[in-house]
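This report refers to the structure that appears directly beneath it.
The values are calculated or read from the model by the stated rules, or taken from the named source; none is laboratory data. Predicted, not measured: the structure shown is a model, and the values here were computed from it. Please note: Cβ atoms are built from the backbone with ideal geometry, for glycine as well, and neighbour counts cover all protein chains shown.
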Amino acid sequence: MKRRHSTISADAKVLEPKQGSKSNRRKLSKSSGRLAGLLSLPMDILFEVFGHLLPIDLLHLARTTKEFRHVLMRRSSISIWRDSFSNVPDLPSFPPDLNEPQWANLLFDSHCHNCLRASVRTVEWRFRVRFCSKCSATKLVAMYEWELEFSPRLVAWRYASKPDTKYPGFKSKQCVYSQDEIDMFVKQVQAFDLEVDRPAYNAYIDARRLAVGNVMNHAKECEEWVVRCTDDRRQELQNIKRERVEAVIERLTELGWGDDISRLLPADSLVSHPLVNKPVPLTDRIWNNIRDQLEDYMEDMRKKRLDSIAFWKGARDVSVNM
DNA sequence: CACAGATGATTTAGGAGAGG
DNA sequence: CCTCTCCTAAATCATCTGTG
């Protein structure tokens with residue numbers, strides 16, 4: 001697999017600037033002078049600094065100005081990217097058919113690769129693309145195998161092995177293909193004159209099968225990585241929530257609510273209170289914002305408990321007197 | 001006073017589960 | 001199997017607050 005050497009960036013879309021809000025643009029213009037000053041640093045220092053950034057930071061930086069793009073996208077800057085990737089633990093293996101910015105873009109940039117819509121979480125690792133739901137509908141096609149013009153065994157092109165219910169309208173027995181890749185494959189196959197080029201055609205198909213197999217294996221690795229990341233993140237959020245609950249209980253206890261907290265019914269537990277059950281650490285400022293509401297809540301719960309006690313006491317007295 | 005960072009409201013994506 | 005609804009997490013943005 002030959003790599004291009006002039007720049008790292010093979011795909012202009014990788015460097016497509018993000019659409020910023022007005023406030024973002026204002027911020028950029030105010031701080032641009034300082035960022036630009038970075039480039040006046042000696043190269044070895046610059047490499048050292050950049051090497052401590054995360055890949056997505058490098059990508060964002062390369063999108064800010066032509067100068068940053070020039071520095072970060074040239075072949076001689078590859079060590080920056082390698083250092084940067086080494087800052088992220090537990091990544092899938094580096095795919096040999098992508099370059100570093102493309103790989104960073106696929107892994108970490110959440111924009112649709114087709115329309116640049118933000119916040120797209122679904123990556124099609126088999127096709128090495130991130131598409132929003134709208135673009136998935138146009139750029140991915142669902143077909144039964146027999147619908148393909150060429151034998152699917154030869155195309156072997158990254159089809160879904162199980163129902164892909166995330167695409168509305170796709171039938172479970174259908175396979176999912178990238179329209180662009182089918183077009184490219186068909187074009188390349190049609191370029192062969194099979195009367196003359198049969199050996200070359202066979203070699204092409206063999207190479208294609210091998211390449212597809214490698215990408216499929218790599219996609220599996222990436223999907224497993226996503227599962228691990230999601231699990232880790234879920235755990236992290238649970239820990240933050242738990243610590244917030246503990247912090248709230250501690251502060252309420254300091255205010256004299258400790259006894260009432262221990263007597264709360266499970267259904268009234270602070271764990272499920274909307275102001276408490278949030279994956280955001282409790283700061284002094286947040287505490288100041290929520291304290292009054294939580295004290296009101298504890299007051300209500302105390303009243304509820306005392307009313308309940310009074311009710312049962314009354315009921316008992318009635319039954320004793322009967 | 002300007003600025004950076006924190007906060008909270010709102011919007012959006014996507015997963016889980018219920019029901020046809 | 002498919003669709004719909006609900007819920008959670010993430011992203012975005014305007015506003016607030018603390019600091020120099």
> In region A:201-213, which residues are surrounded by 12 or more Cβ atoms within 10 Å (Cβ to Cβ) and either in contact (Cβ under 8 Å) with a residue 60 or more places away in the chain or over 22 Å from A:VAL129 (Cβ atoms) (or both)?
Replying inline: A:TYR201, A:ASN202, A:TYR204, A:ILE205, A:ALA211
>> Condition check: within 12 Å of DNA strand B (Cβ to nearest atom) and outside the structural domain of A:VAL88 (by TED's automatic domain parsing). Does A:LEU306 satisfy that?
In response: no
> So which of A:ARG233, A:ARG209 is at pLDDT 75 or above and within 16 Å of DNA strand C (Cβ to nearest atom)?
Replying inline: A:ARG233
> Which condition breaks for A:ASP231 when tested against (1) assigned to a helix (DSSP H, G or I); (2) at positive phi?
Replying inline: (2)
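So, of the residues in region A:281-309 that are in a helix (DSSP H, G or I) and in contact with a helix residue (DSSP H, G or I) (Cβ under 7 Å, 6 or more places away or on another chain), which turns out to be farthest from A:TRP257 (Cα to Cα)?
Among those that are in a helix (DSSP H, G or I) and in contact with a helix residue (DSSP H, G or I) (Cβ under 7 Å, 6 or more places away or on another chain), it is A:TRP287.
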> Restricting the search to region A:282-298, which residues are more than 33 Å from the chain's Cα centre (by Cα), buried (at least 16 other Cβ atoms within 10 Å of the Cβ) and either within 12 Å of DNA strand B (Cβ to nearest atom) or not aromatic (Phe, Trp, Tyr) (or both)?
Replying inline: A:LEU294, A:MET298
> Any idea which of A:VAL176, A:VAL189 is away from DNA strand C (no atom under 16 Å from the Cβ) and either part of a strand (DSSP E or B) or at pLDDT 80 or above (or both)?
Replying inline: A:VAL189
>> All but one of (1) loosely packed, with under 14 Cβ neighbours inside 10 Å; (2) under 39 Å from the mean Cα position of the chain (by Cα); (3) among the acidic types (Asp, Glu) hold for A:ASP268; state the number of the condition that does not hold.
In response: (1)
>> Between a residue in region A:108-121 that is under 24 Å from A:TRP81 (Cβ atoms) and any residue that is assigned to a helix (DSSP H, G or I) and more than 7 Å from DNA strand C (Cβ to nearest atom), which pairs come within a Cβ distance under 7 Å, given they are 6 or more apart or on different chains?
In response: A:PHE108/A:PRO55; A:PHE108/A:ILE56; A:ASP109/A:ILE56; A:ASP109/A:LEU59; A:CYS112/A:CYS135; A:HIS113/A:LYS13
